[in-house]
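Here's the structure we're looking at; comments come further down.
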Amino acid sequence: RAAASVALLAAGLGAGLLLAGNDADRQPNPSLARVDLKPVAGRGQGSTGVVSLEPRAGGKANVKLSGLRPSTGGDFYELWLLGEGGELVSLGSVRVPASGRATLENVRLPVDPERFRFLDVSREPADGDPGHSSISVLRGPSA
């Protein structure tokens, strides 16, 4: 009986360790870059954003926004890569609820973000125009 009890205890401990993982599994991914987004010249005051991304084409990004003015009347916020010469790549859009907080998860990066100067969040009217509204509210360096 004692041998059976020891075997069951060992099996239980082993399963528990497998399920819990090790400390390295719980650490942030060291290959992710972090970009802090700050308000842009008189817009987005009191708002912040954090982007964690794999700095490569085909990588993924996760975005957490807070303190933004809630979306109304069909407007929304758009995440962009902004290049030196005005080159823009849209990465996704989100409507912000009354809480002022929103997230974008697993956003696919169609290009290498290190080729661009900034990550930019703009407020966009629902006018059917896919271009940047020029109403940037948050921005941070992409590289």
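When ranked by the protection proxy of mean other Cβ atoms within 10 Å per residue, highest first, what sequence do the peptides 74-82, 35-43 form?
On the way: 74-82: 19.7, 35-43: 15.0.
Going from most to least packed, we get 74-82, 35-43.
Please give the length that would be gained between E84 and R56 if that part of the chain were fully extended, namely 0.36 nm times their separation in residues minus their C-alpha to C-alpha distance (nm, one decimal). If you can, show how the numbers build up before the last one.
Working: separation 28, 0.36 × 28 = 10.08 nm, distance 1.81 nm.
Taking 0.36 nm per residue and subtracting the Cα distance, the gain is 8.3 nm.
Between E114 and S134, what length comes free when the chain is fully extended (0.36 nm per residue of separation minus the Cα-Cα distance, one decimal in nm)?
Values: separation 20, 0.36 × 20 = 7.20 nm, distance 2.20 nm.
So the extension gain works out to 5.0 nm.
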task: Apply the Karplus parameterisation 6.51 cos²θ - 1.76 cosθ + 1.60, with θ equal to phi minus 60°, to every residue of segment 130-137 and state each ³J(HN,Hα) to the nearest whole Hz, in sequence, with x for glycine and proline.
output: x, x, 5, 6, 6, 10, 6, 10
query: Per residue and in Å³, how big is the convex hull formed by the alpha-carbon atoms of segment 47-120?
result: 84 Å³
field: 5 angstrom amide H check on G92, placed H, neighbours 5+ away
entry: L79
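In what sequence, largest accessible area first, do V89, V50, V121 appear using a 1.4 Å probe?
On the way: V89 25, V50 50, V121 5 Å².
Largest accessible area first, the list is V50, V89, V121.
The values are calculated or read from the model by the stated rules, or taken from the named source; none is laboratory data. This is a predicted model, so every value here is computed, not measured. Note: ideal-geometry Cβ built from the backbone for every residue, glycine included; neighbour counts use all protein chains shown. Just so you know, the surface numbers come from the protein's heavy atoms only, side chains and all, with ligands and any DNA or RNA stripped out. Shrake-Rupley method; radii C 1.70, N 1.55, O 1.52, S 1.80 Å.
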